[in-house]
Structures are given as C-alpha cells and as structure tokens.
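Following: one structure in structure tokens, then a few remarks.
The values are calculated or read from the model by the stated rules, or taken from the named source; none is laboratory data. The structure presented is a predicted model; accordingly, all values stated were derived computationally and were not measured. Glycine gets a Cβ as well: all are built from the backbone with ideal geometry, and neighbour counts include every protein chain shown.
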Amino acid sequence: MKGLSGALLRYRIMAWITGVLLAFMCVFGLPAKYVFEATSGGFLGAVYSIGWMAHGWLYLLYVAAGLDICFRMRFNVLRTLAVLLAGTIPFASFFADHYVAKSVHAREAEITPLTA
Amino acid sequence: MDPTRSTLRIVGLTVAAIVMSVACIALGLWQGQRTLDIVEAERTALSAPIPVLDAATVQGHPGESIGRPVTVQGQYIADGQRLIAYRSWQGKPGVWVVTPMAVGANTVAVLRGWVPSADSSAVAVPSGTVSVSGILQPFDDFYGDDVVLADGQFAAISRSALEQSWGTPAVSLVVVLTDQSPDVTPSPQPVEPAVRTTNVPFPLQNAAYTVQWFVFGLFVWFMWWLWLRRAPREDAAAPTADSLYS
C-alpha cells in the first residue's frame, strides 16, 4: 500500500480547499447575491463570479484526488460516489474527509502488523 | 477476480463513462446556450427605450447608456437653440439643430436634426410639451471649449460650450432625435446616430461553466483510462476485502 498516505494527503488538501471555498460561497456569497443583491457588478460581483468558477475547477481536482483514494481503498461504487458528491454539498466534504481518513488509518493499522 | 467479472466491470465502467461524458457535454451545451441567452436578454433590455434620466444625469452615465434608445418628455427652450456648422446630409451642405429641453429640473441637449440652412423654416422650435424618442450619444468634447464661430454657430456639440451659453449644466449625453410627437412639419431631418453599441456585460461565469463541463467530459475518459490501467495490477496486489466497513 505504498502511496496510500500520499494519496490521502492529496485528497485531504483538496477536500479542505474545496470545502472551505464552498462553505464561504454559501455562507457569504449566496446571501450577498440573493439577500443583499450586492453582486450585480463591481468588486463583489467579480469575487462572487470568480469564487464559483474557482470552485468548478477545484472540484475537478477534488474528483481526481477523490477517485484516486477511492480506487486505492477499493471503495464500492456507492461509497465512491458519496465521497465525490461531498465536494458539491456545503460542509459535506469535511465529513467525507474525516470518513476517508479514518478508513485509511484503519486500513494502515490492519496492514502494518502483517508486514512488520 | 475471474475474467468474466472483470470484463463485466470494464463494460460497466465504460457505459458509466459514456453516460457521464454525454451528460457533461449536455450540461456544457446548456451553459453555453444560457451564456448566449443572457447576452441576448441584456441586448433586448438595452434596445427597449427608457426615460432619459434613468440612462444619464448631469453627474454622468454608465458606459452602456451610449447608443441606448431613450424617451424624453419636456419643453424645448427656444432661445437655447444652437446650430452646429458645416454638417452635410446626403451630400447637401447644411447645419445641425441642437435644442435644449427642460425635463423636470434637468436640461437635456436634443440633436433635432439637419436643416439645409440657418434660415430654413424647420429650425422653428415646437412649443408646449413634446415627447421625443432618440438615441443617446456622447458630446463632441474632444474639440475643447473653443468651438463658437464668429457667426454664433458652433463647430461641435461641445458640452462645456453649450452649458456656458445656456448657463445651466446639461445631462451628460446628447439625445439624437429619431421620432417626435406631436409631429411638426417642417421639422429638421433626423440624423443617423454615430455610435451604436451592443456592449453588454458578458456572463463570464456561465461561459466558464461551459468550458468546465466540456473539460469534465474529457476528464471522465481520463479517469476511465487510469482505472483500466490500474485495476488489474491492484487486483493482484490488494490483500484486503473490498471494503472494511460494508
């Protein structure tokens, strides 16, 4: 299972970046647009648009890292889909990150005594 | 893992990849169409006339107001009328007629049109309340202030020179008359607006999503390829069950 911890690190970094950005966009961005209507132009409008565009591209990287770790962990299809979709639901990626990390650590604990 | 199951998985994965990439292309086309629709809707909104003071004020105007159709309702101020010298229409020499209009407390410069000469009967200013529709155009400010000729005609539609001669600030764009009611004959020949614009804010976010969905569609096949390449090797190496927690 060489490379598993590297894959986990990559996944966790992407989960946190997309998770924090998505949470920010939902907690501050959406009210700014739909409640305060402050994003129809200017600096806030640019930040708002760039925020969502960035989330799209970061999510692509999240999917890459997520698929990698799910393949390596040999998760089944539903589990894999759940991990991938967590990147599109606000705050869900933090739970997915926790779950994946726990699984990987359990797997590593299982393997280490065998190989040591 | 036996070969039939492995083949089944590859077929399943390929079908899934086809479905996902087709979905990505469909979503990309949807966002692309949305981008075009938004631009179209913005252009339609721009081409519908609005009251002049909603598009420009004495303080200034947003960029998209240039070339914008507007309606103006007010009274012409006859003694503020100025002629702009040396303007031809269909090859014939003549002058342009610029008349200030009182719209509430504001003064709007209206380019009523072309007349063949300064003593043409069409220069007579209609009295009472008139409704004008026209296109907003910038002033000819690049000529500077020194535009008043010896005979009192102007060399250009200069905002500062007109404001000086009117003694009041004017709204920051000129209305180039296209239609007037009540219609008075004879009236100056309306002139063609020089600047027409279709500049509207571009929905960059939707355009970026269009690209993003297409890239996602390609990415699906990249992942498919990675999985095919890796799957058999890891099948052989993986010592543990499919999932620890299932």
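Table for the structure above
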read-out: Residue ID - nearest to B:TRP224 (Cα to Cα), chosen from residues in region B:1-15 that are assigned to a helix (DSSP H, G or I) and among the aliphatic types (A, V, I, L, M); value: B:LEU13
read-out: Residue satisfying condition, being buried (at least 19 other Cβ atoms within 10 Å of the Cβ) and not aromatic (Phe, Trp, Tyr), within set B:GLY63, B:GLY104, B:GLY80, B:GLY91; value: B:GLY80
read-out: Members of region B:127-149 found to be more than 15 Å from B:THR71 (Cβ to Cβ), touching a strand residue (DSSP E or B) at 6+ places or on another chain (Cβ under 6 Å) and touching a residue at least 40 places away in the same chain (Cβ under 8 Å), listed by number; value: B:GLN137
read-out: Matching residues in region A:32-45 - criterion: being loosely packed, with under 13 Cβ neighbours inside 10 Å and part of a helix (DSSP H, G or I); value: A:TYR34, A:GLY42, A:PHE43
read-out: Residues being within 19 Å of B:ALA55 (Cβ to Cβ) and without any contact (Cβ under 8 Å) to a residue 60 or more places away in the chain - total across region B:181-207; value: 1
read-out: Residue in region B:66-79 that is in contact (Cβ under 8 Å) with a residue 12 or more places away in the chain and more than 21 Å from B:GLN180 (Cα to Cα) present; value: no
read-out: Odd one out for B:LEU53 among (1) assigned to a helix (DSSP H, G or I); (2) over 21 Å from B:VAL195 (Cβ atoms); value: (2)
read-out: Verdict on B:ILE18 being assigned to a helix (DSSP H, G or I) and in contact with a Gly (Cβ under 6 Å, 6 or more places away or on another chain); value: no
read-out: In region A:1-29, residue modelled with the highest pLDDT [restricted to those that are within 14 Å of another protein chain (Cβ to nearest Cβ) and under 16 Å from B:GLN205 (Cβ atoms)]; value: A:MET25
read-out: Meets criteria (loosely packed, with under 14 Cβ neighbours inside 10 Å, within 30 Å of B:PRO201 (Cβ to Cβ) and at the interface with chain B (Cβ under 10 Å from one of its Cβ atoms)) for A:GLY56; value: no
read-out: Subset of region B:125-140 (residues that are surrounded by 14 or more Cβ atoms within 10 Å (Cβ to Cβ) and more than 19 Å from B:LEU53 (Cβ to Cβ)); value: B:VAL125, B:PRO126, B:ASP140
read-out: Single condition B:ARG43 does not satisfy, out of (1) closer than 27 Å to B:GLY152 by Cβ; (2) among the charged types (D, E, K, R); (3) surrounded by fewer than 15 Cβ atoms within 10 Å (Cβ to Cβ); (4) in contact (Cβ under 8 Å) with a residue 40 or more places away in the chain; value: (1)
read-out: Filter result for the condition that a residue is at pLDDT 80 or above and either within 9 Å of another protein chain (Cβ to nearest Cβ) or crowded, with 16+ Cβ neighbours inside 10 Å (or both), over B:ALA156, B:ALA231, B:ALA238; value: B:ALA156
read-out: Evaluation of B:TRP114 against (1) buried (at least 18 other Cβ atoms within 10 Å of the Cβ); (2) touching a residue at least 40 places away in the same chain (Cβ under 8 Å); (3) closer than 21 Å to B:PRO169 by Cα (one fails), failing number; value: (3)
read-out: Some residue of region A:67-83 being within 13 Å of the chain's Cα centre (by Cα), away from every other protein chain (no Cβ under 11 Å), at negative phi and in contact (Cβ under 8 Å) with a residue 60 or more places away in the chain; value: yes
read-out: Subset of region B:169-194 [surrounded by 16 or more Cβ atoms within 10 Å (Cβ to Cβ) and among the polar types (S, T, N, Q)]; value: B:SER172, B:THR178, B:GLN180, B:SER187, B:GLN189
read-out: Residue list for region A:39-53, filter: closer than 16 Å to A:CYS26 by Cβ, more than 8 Å from chain B (Cβ to nearest Cβ) and polar (S, T, N, Q); value: A:THR39
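Yes/no per residue for (1) in contact with a helix residue (DSSP H, G or I) (Cβ under 7 Å, 6 or more places away or on another chain); (2) closer than 30 Å to A:GLU110 by Cβ:
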position: A:LEU8; (1), (2): yes, yes
position: A:GLY19; (1), (2): yes, yes
position: A:LEU22; (1), (2): yes, no
position: A:VAL27; (1), (2): no, no
position: A:ALA32; (1), (2): yes, no
position: A:SER40; (1), (2): no, no
position: A:LEU44; (1), (2): yes, no
position: A:ILE50; (1), (2): no, no
position: A:GLY56; (1), (2): yes, no
